[in-house]
2 protein chains.
Amino acid sequence: MTTDTLNIRQMCDAFDVTPRTLRFYEAKELLFPIREGQRRLFTKRDRARLKLILRGKRFGFSLEEIRQLLDLYHMDDGQEAQLSKTYVLAERHLADMEAQKAELEEAIGELKEQMAWGAEKLAQLAKEKTAAA
Amino acid sequence: MTTDTLNIRQMCDAFDVTPRTLRFYEAKELLFPIREGQRRLFTKRDRARLKLILRGKRFGFSLEEIRQLLDLYHMDDGQEAQLSKTYVLAERHLADMEAQKAELEEAIGELKEQMAWGAEKLAQLAKEKTAAA
DNA sequence: CGTTACGTTTACGTGCGCGTCAACTTTGCT
DNA sequence: AGCAAAGTTGACGCGCACGTAAACGTAACG
């Protein structure tokens with residue numbers, strides 16, 4: 001059994017981020033590594049959260065938005081008071097993501113069109129060069 | 001026929017951005033409004049580009065990345081030299097977008113799971129309250 | 001016991017994407 | 001002619017998401 005916690009270096013290697021980034025996320029209350037003396041130890045929970053953080057970033061969400069949403073994935077049975085509020089937040093977030101998906105599909109379609117045009121252009125040019133030879 | 005160009009105010013209203021943003025995009029060579037005296041007039045081409053800029057931003061691309069990609073949508077027959085290079089860029093961009101789409105779909109799935117869990121929790125709580133009454 | 005490696009805090013610096021004045025033209029009413 | 005509205009060019013400011021350097025702690029190894 002491998003202690004189930006990672007030190008900062010292992011964590012950085014695992015997710016391709018810098019120590020500064022992890023400390024920054026902790027300061028912003030996105031991660032909560034436990035301490036062994038003054039050193040940080042990142043738990044399974046931190047790894048799950050970091051995965052979601054990096055995903056959120058790729059989708060263009062700010063760290064503050066991400067912080068609020070993280071609660072969603074880590075609600076335990078203690079915080080019923082917040083549950084309803086968090087659920088509403090999640091609904092909005094889901095709507096955002098589905099809108100983004102739709103727009104992304106449209107954009108992919110348009111880009112493919114453009115590329116088809118470009119491919120045709122390139123074929124033409126290749127032909128001209130062959131003809132000139 | 002309505003002159004086919006928009007002044008800065010009309011452009012701002014049409015896309016819900018500020019004048020500062022449009023001037024900034026021009027400075028960064030993302031837009032190329034023509035000048036009537038010293039005033040800017042935004043053409044159909046600028047409107048098409050701005051639409052793509054705002055879309056790119058929603059997908060989390062930087063303005064510099066967007067600038068490079070914009071050429072893709074505005075290649076005319078003059079720049080054959082760049083065409084091939086731009087095409088390669090487009091392929092990478094397309095791959096990025098499709099990867100993003102896949103990840104987005106996964107994320108949507110996971111979020112829905114979480115929400116189902118939350119919904120169940122909420123139902124439980126409602127039931128308990130009813131029982132207590 | 002020194003020094004090397006790894007981690008820590010504190011703090012200032014940086015690039016991006018604009019916001020926000022200030023000072024100045026230009027245009028369109030009245 | 002006068003004056004407000006709309007637009008222009010600097011220039012500085014700001015929040016975010018870290019980068020980077022300085023100074024310090026500590027555990028391990030030869």
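The values are calculated or read from the model by the stated rules, or taken from the named source; none is laboratory data. What you are looking at is a predicted structure, and each value in this text was computed from that prediction instead of being measured. Virtual Cβ from ideal backbone geometry, glycine too; neighbours counted across all protein chains shown. The area values use the complete protein model at the heavy-atom level, side chains included, leaving out ligands, DNA and RNA. Shrake-Rupley method; radii C 1.70, N 1.55, O 1.52, S 1.80 Å.
Which residue out of B:Glu110, B:Glu91 is open to solvent by 70 Å² or more (accessible area, probe 1.4 Å), under 22 Å from A:Lys101 (Cβ atoms) and more than 7 Å from every other protein chain (Cβ to nearest Cβ)?
Numbers: B:Glu110 fails: open to solvent by 70 Å² or more (accessible area, probe 1.4 Å).
Testing whether each residue is open to solvent by 70 Å² or more (accessible area, probe 1.4 Å), under 22 Å from A:Lys101 (Cβ atoms) and more than 7 Å from every other protein chain (Cβ to nearest Cβ) leaves just B:Glu91.
Of the numbered conditions (1) modelled with pLDDT of 90 or more; (2) within 30 Å of B:Glu91 (Cβ to Cβ), A:Leu30 fails exactly one; give the number of that condition.
Of (1) modelled with pLDDT of 90 or more; (2) within 30 Å of B:Glu91 (Cβ to Cβ), only one is false for A:Leu30: (2).
Look at B:Arg20 and say whether it is out of contact with any Pro (no Cβ under 9 Å at 6 or more places or on another chain) and either open to solvent by 90 Å² or more (accessible area, probe 1.4 Å) or within 12 Å of DNA strand C (Cβ to nearest atom) (or both). Show your work before the answer.
Working: out of contact with any Pro (no Cβ under 9 Å at 6 or more places or on another chain): yes; either open to solvent by 90 Å² or more (accessible area, probe 1.4 Å) or within 12 Å of DNA strand C (Cβ to nearest atom) (or both): yes.
Yes: the conditions hold for B:Arg20.
I'd like the residue in the range B:8-17 that is among the hydrophobic types (A, V, I, L, M, F, W, C) and within 12 Å of DNA strand C (Cβ to nearest atom) and, out of all such residues, is farthest from the other protein chains (Cβ to nearest Cβ).
Residues of the range B:8-17 that are among the hydrophobic types (A, V, I, L, M, F, W, C), as a first pass: B:8, B:11-12, B:14-15, B:17.
From what is left, the residues that are within 12 Å of DNA strand C (Cβ to nearest atom) are B:12, B:15, B:17.
Numbers: B:Cys12: 22, B:Phe15: 15, B:Val17: 17 Å.
This residue is B:Cys12.
Residue-by-condition table, conditions (1) within 15 Å of the chain's Cα centre (by Cα); (2) more than 16 Å from DNA strand D (Cβ to nearest atom):
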| position | (1), (2) |
| --- | --- |
| A:Asn7 | no, no |
| A:Asp16 | yes, no |
| A:Phe24 | no, no |
| A:Arg35 | no, no |
| A:Arg40 | no, no |
| A:Lys57 | yes, no |
| A:Ser62 | yes, no |
| A:Leu83 | no, yes |
| A:Glu105 | no, yes |
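Listed here are the residues, each with its yes/no results for (1) more than 7 Å from every other protein chain (Cβ to nearest Cβ); (2) open to solvent by less than 30 Å² (accessible area, probe 1.4 Å); (3) of a type in the set (Gly, Ala, Ser).
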{"position": "B:Pro33", "(1), (2), (3)": "yes, yes, no"}
{"position": "B:Arg39", "(1), (2), (3)": "yes, no, no"}
{"position": "B:Arg49", "(1), (2), (3)": "yes, yes, no"}
{"position": "B:Arg55", "(1), (2), (3)": "no, yes, no"}
{"position": "B:Leu63", "(1), (2), (3)": "yes, no, no"}
{"position": "B:Gln82", "(1), (2), (3)": "yes, no, no"}
{"position": "B:Tyr87", "(1), (2), (3)": "no, no, no"}
{"position": "B:Trp117", "(1), (2), (3)": "yes, no, no"}
{"position": "B:Leu122", "(1), (2), (3)": "no, no, no"}
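Can you name the number of the only condition in (1) away from DNA strand D (no atom under 15 Å from the Cβ); (2) out of contact with any Ser or Thr (no Cβ under 8 Å at 6 or more places or on another chain) that B:Glu29 fails?
(1)
Which numbered condition in (1) open to solvent by less than 40 Å² (accessible area, probe 1.4 Å); (2) at pLDDT below 95 is the only one that B:Ala99 fails?
The one condition B:Ala99 does not meet is (1).
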